[in-house]
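Below is one structure, written out as structure tokens; comments come after it.
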Amino acid sequence: MCESSEWKSALSRIIVELSEQQYQSMLDKLEKIPKSVKHKTHIEHTAQTILEHYGEEESIAEIRRIMDEIPRRDEKVQKLLRPFVEKPGMKRKPGPESEEQQESPSELKKKKTESDDDDVKTGFEKNNIVSDSDSSDDETQADDPGSPQSEKATITKVEIPPWRQSIKLLKESGDTNGKPVFGKVVQKSALRTYENKKKKKNCFFYLGVADETDCIKVMVYGTELFQKFEEGQLYLFKNVKVERVNVEMVMKVFTIDQFSKTNGIKVPKTLELEAQMLIYNQRPVCSIEEIQSFKERTAVSVEGTVTEINSVAQVKQERKRTKVNIRKFQLKDETGSIWITLWRKDTEQLRGTSVGDSVRVTNLTTNCYYEMVSLNSTDFTRIYKVQAAAVQNVSMQIIGIRKDDRLQFKLDVTINDQLSTFIASSRLLAKAFGVKLDGNMEERLLQKIPFSAEAEIKGNQIQDLKAAKEM
């Protein structure tokens, strides 16, 4: 594999490790890439876009600088960067520390343990993994000696017998070296279909498999093998094919002779969770029309345009006395519209999202109430912005107004004789209407409507507002 391909693969893996906020911060710091390109580029193609604008050597230096600033100096990211930063002849961009100040191997190991432990205690924030209303409390789990958080901090180096290939080495080399691979099936997907070159439909499914060192996605072909694999069972895989699909290594199984049940290995809970993520990230993107026919708690992903966003609200949990935050928003595609409810920390994923933005929402489950189908977030839900709403300059007349909260108002306006609802900040309205910001502002605004204005809008947000010249 050429050097650029190796760096592109590593860069893609670095990007996957970033939280949504860190990812956006990285894009902001990559000044050579035009904003229009950043908005249109899906996260899966970001690595290619960076290479196109920076080239290999400069992109390595830039990413290293940005990872220091975000900061992502933890071992999980740095181990992906290190082989390229330390290449002979590679120009090293000045970082925050000198050679003497850089950590020793022992310090790096200590830093890795602390960093990994923090990642777990915050609910796997790097992947925006949080609990929904049915999940157990994160705080209780963090203090439990038997929880995944505690286990993560105490993982030590595991000796793998020389006759066996670990999943970690398998992913690094892309080869089993003729050795069998042991692993626990943590998650199994549903059966899926594909067409071969002869247009014949065949079936396959995915497994999330982990051993003591790492986890890997396994692709298994044929309906007859589907019942042979059990979640929670340990298996020995031999004579398997290994391929790189997009940016990840995938192990492929074709026949019953390539695996057998086994025992004798203990998989860390944290790696079991990562193996689950490999499968949950494969939930198919469905049209809203298709989703309306699905059964309760069917796992799906969906893509469309945001048409409405509600404020954060609180609901009481069933069987519990505590209340949790929820936030609902509506998504529309060419086949229909649907409401999505985000639970707990998932409500924060809508920050920076406006009505009119095109987004992809992954790993949701259906909720059926009588004949109404909606979607709920899960532990693995993530929102990706595909394209931001366009900014427009329009003439409008404000004909109705009501206070949404102390910081903003909801407005009924007409644009080209069409009635629409927009949101504007209290400060912006006070300036445009020429009224005081404090006290009963709503009454003072009502006295001046209908109010003609020139506005800059993005989705349903009014970003700038000026009174129109008097007729």
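The values are calculated or read from the model by the stated rules, or taken from the named source; none is laboratory data. Please read all numbers here as calculations on a predicted model, not as lab measurements. No Cβ is skipped: glycine too gets one built from the backbone with ideal geometry, and neighbour counts run over all protein chains shown.
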*Taking the stated definitions as given, is Leu446 of a type outside the set (Lys, Arg) and under 41 Å from the mean Cα position of the chain (by Cα)?*
no
*Considering each residue of the range 351-395, count those that are out of contact with any Ser or Thr (no Cβ under 6 Å at 6 or more places or on another chain), surrounded by 14 or more Cβ atoms within 10 Å (Cβ to Cβ) and free of Cβ contacts under 8 Å to residues at least 60 places away in the same chain, and give that number.*
3
*Which number in (1) under 30 Å from Asp346 (Cα atoms); (2) outside any loop (DSSP other than H, G, I, E, B) marks the one condition that Asn393 misses?*
(1)
*Is there a residue in the range 442-453 that is exposed (fewer than 14 other Cβ atoms within 10 Å of the Cβ), out of contact with any His (no Cβ under 8 Å at 6 or more places or on another chain) and outside any helix (DSSP H, G or I)?*
yes
*Do the conditions hold for Glu272, that is, is it at negative phi and within 19 Å of the chain's Cα centre (by Cα)?*
yes
_Based on this model, can you work out whether Val386 counts as modelled with pLDDT under 85, farther than 25 Å from Leu437 by Cβ and of a type outside the set (Lys, Arg)?_
yes
*Could you check Lys469 against (1) outside any strand (DSSP E or B); (2) closer than 15 Å to Ser354 by Cβ; (3) free of Cβ contacts under 8 Å to residues at least 60 places away in the same chain and say which number it fails?*
(2)
*Which numbered condition trips up Ile279, out of (1) out of contact with any Lys or Arg (no Cβ under 6 Å at 6 or more places or on another chain); (2) of a type in the set (Val, Ile, Thr); (3) farther than 22 Å from Pro161 by Cα; (4) at pLDDT 85 or above?*
(4)
*Out of curiosity, is Lys200 basic (Lys, Arg), loosely packed, with under 12 Cβ neighbours inside 10 Å and over 25 Å from the mean Cα position of the chain (by Cα)?*
yes
*Among the numbered criteria (1) within 17 Å of Lys410 (Cβ to Cβ); (2) surrounded by 12 or more Cβ atoms within 10 Å (Cβ to Cβ), which single criterion is violated by Ala467?*
(1)
*Filtered residues of the range 53-75 (kept if among the β-branched types (Val, Ile, Thr) and modelled with pLDDT under 90)*: Ile70
